[in-house]
């Protein structure tokens with residue numbers, strides 16, 4: 001009898017444990033769920049490159065969506081559109097067009113990001129609508145490209161259609177009343193850079209901080225992407241970094257430089273075959289505050305004095321979102337782009353998105 005009671009107690013504990021595991025919802029943004037906020041860290045629109053954005057509404061009711069294009073210099077263009085029940089839409093970065101159905105402003109710069117979230121019809125507050133999902137398809141000419149899913153943030157503990165916090169302030173806390181948190185860090189495997197007579201492989205990474213001010217009078221987010229790298233022999237390489245002002249994309253094997261060239265970094269050799277000594281490696285990247293990035297982004301010098309630091313808000317620690325891709329050139333001139341979103345670990349609830357809300361138009365005077 002005692003053994004039977006013990007067995008029942010153990011079985012009940014296991015069942016309760018499984019129920020607890022099943023009901024314990026994760027609260028960190030990822031690329032495999034629906035949400036109320038979507039972020040695409042990489043948009044390309046230059047020379048032979050173009051990006052096709054898709055957004056879907058997996059719900060039987062309509063919703064309004066607010067979006068911001070953000071280029072590498074943090075120039076922004078906002079727009080708002082309606083999704084009908086169960087509607088998928090798409091549009092190109094180059095001209096904002098999509099099948100004659102979507103007519104949004106075109107992307108302003110060569111490279112950057114896109115953010116979109118559910119809002120009320122007046123556009124004066126963000127709302128909970130955990131039925132949005134999307135992707136980006138990036139083409140280089142007509143021969144190669146890759147697709148990735150948008151980072152998706154669910155609204156937590158808020159009823160469908162209700163306001164999430166204060167209008168104009170999306171808090172990425174992972175707690176009830178806010179949105180999912182950002183990951184504490186990103187981790188991913190990559191192919192080391194190599195260039196020879198038979199093949200060429202270049203690893204690229206796009207990063208966007210989870211702290212971002214999109215208001216007209218905005219404060220730039222300046223942080224340092226700190227890299228730890230391991231090769232296949234478990235040898236660890238430290239010291240690589242990249243200073244970031246609001247957004248970054250570049251070849252990891254040229255992390256010190258990137259056109260338009262107003263950034264700064266160190267450790268390109270830690271992403272090359274010559275430096276790593278193995279074809280495969282992995283990185284872990286974290287956004288930290290650092291004095292090495294002070295005054296790396298400045299206004300031009302004038303006859304009246306040196307330029308000022310564009311990072312008016314100082315250097316901050318910020319979680320990051322990203323997209324990793326490789327440009328591979330095979331023998332015979334066959335080129336291929338291969339892309340993915342990095343894996344994540346931990347939760348950092350310090351992220352936010354600030355934006356300018358719209359005021360509801362006043363009523364005409366009554367008779």
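The values are calculated or read from the model by the stated rules, or taken from the named source; none is laboratory data. Source: prediction; values computed, not measured. Here the Cβ is made from the backbone with ideal geometry for all residues, glycine too, and neighbour counts use every protein chain on show.
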Residues of region 135-191 that turn out to be farther than 23 Å from residue 41 by Cα and assigned to a strand (DSSP E or B), as a count = 1
Scope region 204-242; condition in contact with a helix residue (DSSP H, G or I) (Cβ under 8 Å, 6 or more places away or on another chain), closer than 26 Å to residue 69 by Cβ and surrounded by fewer than 23 Cβ atoms within 10 Å (Cβ to Cβ); matching residues | 204
Of (1) in a loop (DSSP other than H, G, I, E, B); (2) under 29 Å from residue 126 (Cβ atoms); (3) under 26 Å from the mean Cα position of the chain (by Cα), residue 287 satisfies every one except (1)
Pairs, please: C-beta under 6 Å, at least 6 apart or cross-chain, first residue within 7 Å of residue 119 (Cα to Cα) and in region 63-76, second assigned to a loop (DSSP other than H, G, I, E, B)?
-> 64/121
Would you tally the residues in region 42-69 being closer than 23 Å to residue 95 by Cβ and not in a strand (DSSP E or B)?
-> 4
If you check 314, 305, which single one turns out to be on the phi > 0 side of the Ramachandran plot and free of Cβ contacts under 8 Å to residues at least 24 places away in the same chain?
-> 305
Residue 336 versus (1) over 30 Å from residue 144 (Cβ atoms); (2) surrounded by fewer than 17 Cβ atoms within 10 Å (Cβ to Cβ): which is the lone unmet condition?
-> (1)
Test for residue 29: is it farther than 19 Å from residue 186 by Cα and either buried (at least 17 other Cβ atoms within 10 Å of the Cβ) or modelled with pLDDT under 95 (or both) = no
Would you please list the contacts, defined by Cβ atoms under 6 Å and residues six or more apart or on different chains, that run from a residue in region 258-277 that is not assigned by TED's automatic domain parsing to the domain that holds residue 309 to a residue that is modelled with pLDDT under 85 and part of a helix (DSSP H, G or I)?
-> none
Any hit, region 308-326, residues being modelled with pLDDT of 90 or more, more than 27 Å from residue 154 (Cβ to Cβ) and in a strand (DSSP E or B) | yes
